[in-house]
Structures are given as C-alpha cells and as structure tokens.
Amino acid sequence: MWPHYLKPFTVFCVLSALWCHYADAQDGNLSASTEETVKRGEYLFRAADCAGCHTAPNSSELTGGRPFTLPFGTIFASNITPDKQTGIGRYTDTEWLKMLHEGVGKGGKHLYPVMPYTAYTLLNDKDALAIKSYLFTLTPRKIEAPENKLSFPFNQRWSLVFWNWLNNENKRFVAATDKSAEWNRGAYLSEALGHCNQCHTPRTITYGLSKKAYAGTVQMGWYAYNLTSDRQHGLAGWSDAQLKSYLSTGYAKGKGPASGPMAEAVEHGLRFMTPEDIGAIITYLRSIPPQASGPIAQLMPAPPSQVDTEEHARGQKLFAQACSGCHLMDGQGRQSDWAALAGAHSVSDPEAHNLIRVLLSGSSLMTEHGKVSMPSFTGAYTPDELAAVSNYVIAHFGGKRTDVSSAEFKK
C-alpha cells in the first residue's frame, strides 16, 4: 500500500500521463497502434464509399447536405466530420456501433435507411470502430445539414422500429466455411462495406431488399445494372480483366465507362482498393446465381448499326454536332478511353435510363489522368432535341429501337 502522503502525488502522475497522451493525440503524435488503426480505418472508409453520399454538392468536405429524392420526400445526408454540434464528434464507441448496426443514432434517433446500415450491420466491431477513429482525425466542420422534407407518415422516425423488424437482421458477417478465404473477403467487401446490393437489388413494397439479389433496378432515375452471373443481362459476358479495369478505373475496354452513382463509387472508393481486394470482389460476384432481369447487355462491342436515316436524321445531325467531338461517330472515344460508348450497357438499354440521366445531369469521374466529365446538356438543347439524340444513340450503338419522349427531359 502507498503511504497516504504519496497518494496525491500518484494521482497527479496519472493525470499528467493521461494529459500527455491526449496532447500527443491532438498534436498528431499518435502511437504506432493508433496510427495503424487510423490508416486501416481510412481504407475501410474508402471501401464503404462514405464520401459518395456525405460530400455536399460542389464541395470536398464530408459535411452532408446531399439530397436523396425519394417517392415520399427528400432526405439530406448528414455531416460526418467530428464537429460536436453538427457532426459526429459526440458519438461514443457504443453509440457508433449501435448507429452502424441498428440504424439508431445518438439519443435514440432512428436513421432513415437511405443510410445503408442494413449492409453496415454486417461490419465487425473492430472495422466499424477503425472507421470512427479515422473520421475523428479529420477537421471538424460546423455545418448543419438541411432538414429532411418528408410527408406524413414517413416523417415519423419512431415508425422505423417496425421497418427494422422487417428489414434489418442486425447480424454480423460470418465467413462461409465451405468457401475460400478470397470468396469470403469478397463477400465482406461487397455485402458489408461496399453495400453493392443496396443499389443493385430490387426493393420490396416496404423498400426492403427483395430476394432477387443483384438483379438490377432503377434507383433515383439511374439504372443499377444486373450484377448476377446471367450471360445476357449480367456479368457472365465480362472477362476478369474487364471487371478489374471497370471497378478500379471506371472504364473497361469494350464495355464503356462508369457514370452517375457508379462513377462516384469508383471515384470515392473502389479506385483506392488493392488489386487483391478487387480480385476478391470479382470472385464473389462470379458466384451470384443468374437472374434474367433488366436490359440485355452487349456481349461485345457492336459496330454502329445502320439506322433509319429519315427517322433518326435529326438525332444523327445533333450527335455529329454536339457529341462526336468527344465520342466519335463510331463511339470509340477521342480524347480518352472514358469517352468510348461502344459496348456500354447504357447504349443498349431500350428505356435509355442512364443515357437520359447523363444528358440531364452530366457525369464526372476522377481518373489517374485527372477528372473526366460530361456536362448537362439541358441548358443548350431543347427536350425535343435531347430525345432525338437519345433515340439515335440507342439505335446507332445499341441496335435497339426505342421511343424516348421529350417528356423525359421536362420532368
């Protein structure tokens, strides 16, 4: 036992040690184990594509504000910087795990499942807390996200208790003993971190995931294509090299470039992943049972079709005038591979979902050569002109007849 007159000195030493540890952390002098955790957390943060949703429009900060427009209203992404008033700075480890696994935020506030906690629930505690450690090293930004604009009864957060009973099992990932280590790694990266099924799986009437895993579906106007092993609709027609290139760079020769939300997933997450992890994802995707659903993909780059010149004369003229400078008339792309259209799924979709979205809102992607982008064309061309060029592109490069209406560009 310490003599009673030494006890105050002991308390002082303990407090001094704690303060030095805190000060070192604040000054960036983290211990080796903490640095390793933060570094791993950054990698996991990238793999989880958090920045894709939580980065405000026209910003590089994780301050939220991005709108998600749904049939029942608009939900805005939250600030995930470590600010204590408007961000995540007051979250304890226990609260953080409850938020990621159960969709229940600080103070018992239920999160809307536009935040993919039904995928993050599969994260083990170590990985989930590593992400938190990384985020807490970032600069706090005091920016309040806009209030959600939801109609009744969807603005009643307490009702999500029942939604979670139906749609969130709140279970951690368990490795399959009959599968390889690579397959299990790919499953964890795809299902838990990358939450690929959240976009590529059709929803039920309650907006939970259906049994048609990875069969493809429309999400906020964009078509998230079929990722199953179906040959006509899915990925069976892709080589491993094409998949590796597409996932890590946003472009695959003969398959065209990524656009919209998929381009964001590549830019913010997939391009930072190791070749081994990209390979593991491919191994897992190859094992998904085939589902004959969605538009048929081109199995190889199709030569430009002979289109009805009278029907598509206007679209052809507009394409030559406004598009061929980058894409070329044969769709091979001029300035870069990312301008290639030949073989892209989007130009063989008779409903032209993603083609319409790109013309409406544009698309961009950061590559090893810098940012490549296509602007919105709504300011320079009328809805009738955009419909004409859409019909021409689908017929010319996809060999499909379609009837895109100008009404699609007036919504």
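Coordinate-derived values only; no laboratory data. None of these values were measured; they are calculated from a predicted model. Methodologically, a virtual Cβ is constructed for each residue, glycine included, from the backbone with ideal geometry; neighbour enumeration extends over all protein chains shown.
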Practice task
Springs between alpha-carbon atoms under 10 Å, Gaussian network over the chain: tell me which of P116, P257, P57 tops the mean-square fluctuations.
Solution key: P57
Fill in the blank from the handout: Along the dipole axis of the stretch 329-411 (charges at Cβ: +1 for Lys and Arg, -1 for Asp and Glu; origin at the Cα centre), the most positive-end residue among G379, T367, G331 is G379
Handout entry: FRET E, pair S336, T274, Förster distance 30 Å, beta-carbon r, rounded to 0.05
Key = 0.75
Handout entry: Structure-based [θ]222 nm, the chain - -39500 (n - 2.57) summed over DSSP H runs of at least 4, per residue, nearest 500
Key = -11500 deg cm²/dmol
Practice task
Return the distance in nm (one decimal) between the two label points of a simple spin-label model at R286 and A181, each offset 7 Å from Cα along Cα→Cβ.
Solution key: 1.8
Exercise for the section: Once you've got the GNM for the chain with C-alpha springs shorter than 10 Å, pick whichever of G260, G379, G333 has the biggest mean-square fluctuation. Expected result: G379
Exercise for the section: Name the aspartates and glutamates eligible as straight-distance cross-link partners of K410: C-alpha to C-alpha under 14 Å, and not fewer than 8 places from it in the same chain. Expected result: D384, E385
Practice task
Consider a paramagnetic label point 7 Å from the Cα of C326 along Cα→Cβ; state which residues of the stretch 265-283 have an amide N under 18 Å from it.
Solution key: 265-267
Handout entry: Selection from I281, G194, A258 lying farthest towards where the dipole of the chain points positive, charges on Cβ
Key = G194
Problem - Out-of-range pairs (alpha-carbon distance over 27 Å; input K171/K253; K39/K179; K106/K126; K106/K171) - result: K171/K253; K39/K179
Handout entry: Extension gain (nm, one decimal) between F68 and K109, 0.36 nm per residue minus Cα-Cα
Key = 12.8 nm
Problem - Gain in span if fully extended, S59 to D240, counting 0.36 nm per residue against the direct Cα distance - result: 61.7 nm
Problem - Gained length - D403 relative to N155, 0.36 nm times residue gap less alpha-carbon distance - result: 85.5 nm
Problem - Most mobile of N197, N226, N164 in a GNM of the chain (Cα contacts under 10 Å) - result: N164
Handout entry: Cα gyration tensor shape of the stretch 164-217, rounded if a/c is under 1.5, else prolate or oblate by comparing a/b with b/c
Key = prolate
Fill in the blank from the handout: Taking a ≥ b ≥ c as the square roots of the eigenvalues of the Cα gyration tensor, with a/c under 1.5 meaning rounded and otherwise prolate when a/b exceeds b/c and oblate if not, the stretch 50-188 is oblate
